[in-house]
Amino acid sequence: MRIFSGIQPTGDKHLGNLIGGFRQYAATQEQGEAFFCIVDLHSITTDYDPADLRERTLDLYAMLLATGLDPTRSTVFAQSHVTAHAEASWLLSAVTSYGQLGRMTQFKDKSMEREFISSGLFTYPVLMAGDILLYQTDIVPIGDDQRQHLELARDIAERFNSRFGWTFVVPKGVYPEVGARIMDLQEPTNKMSTTGGSPQGTVKLLDEPDVIRKKFRSAVTDSGREVCRADDKPGVTNLIDILSVATGKASDAIEAEYGDSGYGPFKTDVGEAVVALVEPIQARYRELRGDPAELLRLLAVGAEKARAASEPTIEAMYSNMGFVRFSR
Ligand code: AMP
Ligand code: TRP
């Protein structure tokens, strides 16, 4: 089974990314042949700083390895290192509907927020479809916000297959179960995010341990004093979920343990558990990030593996579409 996911090298990564994203990647790499792509080409579709892109690509790569991706077991690589991605995007544009691209809610939302709307922002989902289809992907672990893009990728695959003959596996999206949403510690009805969330309510993976402890101590809790999961207790529910992931304890056991002993000690313990979870990740990250030459060496290995895996597909695309080829 082939598994593919793409992650943008933008924004500081936070506890929600670790719990809802990175941990899943590390778990799925055990289930089949996994590809994890740092989608740097997608990051130029909105205004950005070139020096920043370079640093963040290396930051994200180091973080993916620090959170458990194994570059010898999985293929972890940067999208721009495999030129087939840009090529596939152009070829697939022939079977992508202009009208359907215009109905993408992410495009509508993002184009509303800015004055200059790049054409790349509009064709973004075509590039994404190519990422997935080039690897004959069976399964795409992905956030719920990407559901519409994945459906479009499936449509593109089907249209290409029926127009030019069978070329692509039609991929399936795998969405995290409910509860895989970590909420902002200050505004627990919003999801934790470094771009939209409150700074005090967002626990960055590279925050100092004391900063993490402080953010949990000042987390917003709800009225009452009972530690239990409930719809009208979004703050406490979120903290129980976080503690459960960080310690591996079931939420029932956590409720039984804290009961009505008050929120103070509970919040202190959640903070300590998160510090214990992220400290080893931070140490590995610093070690990896401190050796850019080694990161580049590993990235080159990933690029080579990804090129080899995507080569038969891009070749079949050109050939089935009627382009003159030299090989075969
Ligand atoms: P992003 O950095 O927003 O592109 O997200 C990268 C990954 O982290 C995606 O797989 C998301 O599903 C996951 N993620 C982002 N924010 C959260 C959150 N607050 N709770 C759980 N998972 C999240
Ligand atoms: N669009 C995705 C996001 O913003 C990132 C992405 C690009 C991706 N290509 C992909 C995800 C291919 C899965 C598969 O999160």
* Asked: Which whole-Hz ³J(HN,Hα) couplings does segment 297-304 yield from phi under the Karplus relation 6.51 cos²θ - 1.76 cosθ + 1.60, θ = phi - 60°, glycine and proline marked x?
  -> 4, 5, 4, 5, 5, x, 4, 5
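Computed from the mean reciprocal separation of all distinct C-alpha pairs, what Kirkwood hydrodynamic radius does the chain have, in Å? Intermediate results must be reported in sequence, preceding the final value.
Details: mean 1/r = 0.0469 Å⁻¹.
One decimal place: 21.3 Å for the Kirkwood radius.
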* **Under 15 Å, Cβ to Cβ, from L58 - net charge with Lys/Arg +1 and Asp/Glu -1** => -2
* To do: Using only the C-alpha atoms of segment 1-152, find the volume of their convex hull and express it per residue in Å³.
  => 115
* **Helix-only [θ]222 nm of the chain, DSSP H runs n ≥ 4, -39500 (n - 2.57) each, per residue, nearest 500** => -16500 deg cm²/dmol
* Candidates A78, A250, A303: whichever shows maximal mean-square fluctuation once the chain is modelled as a Gaussian network with Cα springs under 10 Å -> A250
* Give the whole-number value, in cubic angstrom per residue, of the convex hull volume spanned by the C-alpha atoms of segment 98-188. => 121
* segment 272-281 - phi-based ³J(HN,Hα) in whole Hz, Karplus 6.51/-1.76/1.60, Gly and Pro as x -> 4, 5, 5, 4, 5, 6, 8, 4, x, 5
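What's the carbon and sulfur percent of the chain's accessible surface, probe 1.4 angstrom, rounded to a whole number? The partial results should precede the final answer.
On the way: 8270 of 15780 Å².
Carbon with sulfur: 52 percent of the solvent-accessible area.
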* Estimated vicinal HN-Hα couplings, Hz - segment 283-296 in sequence order (Karplus 6.51, -1.76, 1.60; Gly, Pro = x) -> 5, 5, 4, 4, 5, 5, 5, x, 10, x, 5, 5, 4, 5
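Run the numbers on segment 157-311 and let me know its relative contact order in percent, using alpha-carbon pairs under 8 Å that are six or more apart. It would help to have the intermediate numbers written out before the result.
Details: 157 pairs, mean separation 26.8, N = 155.
Once divided by the residue count of segment 157-311, the mean separation gives 17 percent.
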* Please say if segment 271-328 is rounded, prolate or oblate, where rounded means a/c under 1.5 for a ≥ b ≥ c the square roots of the C-alpha gyration tensor eigenvalues, and otherwise the choice is prolate for a/b larger than b/c and oblate otherwise? => prolate
* **Cα centroid of segment 40-79 to Cα centroid of segment 292-328, whole Å** => 19
* Structure fact -> Env charge @ L41, Cβ radius under 13 Å, K,R +1 / D,E -1, value -3
* To do: For the chain, with a Gaussian network of springs between Cα atoms less than 10 Å apart, report the residue from T167, T72, T45 with the top mean-square fluctuation.
  => T72
* Asked: For the chain, what's the relative contact order in percent, using C-alpha pairs closer than 8 Å and at least 6 residues apart?
  -> 21
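Could you give the accessible area per residue of the chain, probe 1.4 Å, as a whole number in Å²?
Values: 15780 Å² over 328 residues.
Using a 1.4 Å probe on heavy atoms only, each residue of the chain averages 48 Å².
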* Structure fact -> Rg from C-alpha atoms of segment 199-286, normalised by the globular rule of thumb 2.2 N^0.38 Å, equals 1.07
* Structure fact -> Summing +1 per Lys or Arg and -1 per Asp or Glu among the other residues with Cβ less than 10 Å from P188's Cβ gives -1
* Relative contact order %, segment 199-286, counting alpha carbon pairs below 8 Å whose residues are six or more apart -> 35
* Taking the chain as a Gaussian network, Cα atoms linked when under 10 Å apart, which of S119, S97, S89 shows the biggest mean-square fluctuation? -> S119
* Structure fact -> Counting sequence-distant residues (5 or more places) and residues on other chains, those with an amide H built under 5 Å from that of A34 are I3, T75
* Round to the nearest 0.05 the FRET efficiency obtained for A293 and E30 when R0 = 30 Å and r is the Cβ-Cβ distance. => 0.55
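The values are calculated or read from the model by the stated rules, or taken from the named source; none is laboratory data. Being a predicted model, the structure only gives us computed values, none of them experimental. FYI the Cβ positions are ideal-geometry reconstructions off the backbone, even for glycines, and counts take in every protein chain you see. Side chains included, ligands, DNA and RNA excluded: accessible areas come from the protein's heavy atoms. Shrake-Rupley method; radii C 1.70, N 1.55, O 1.52, S 1.80 Å.
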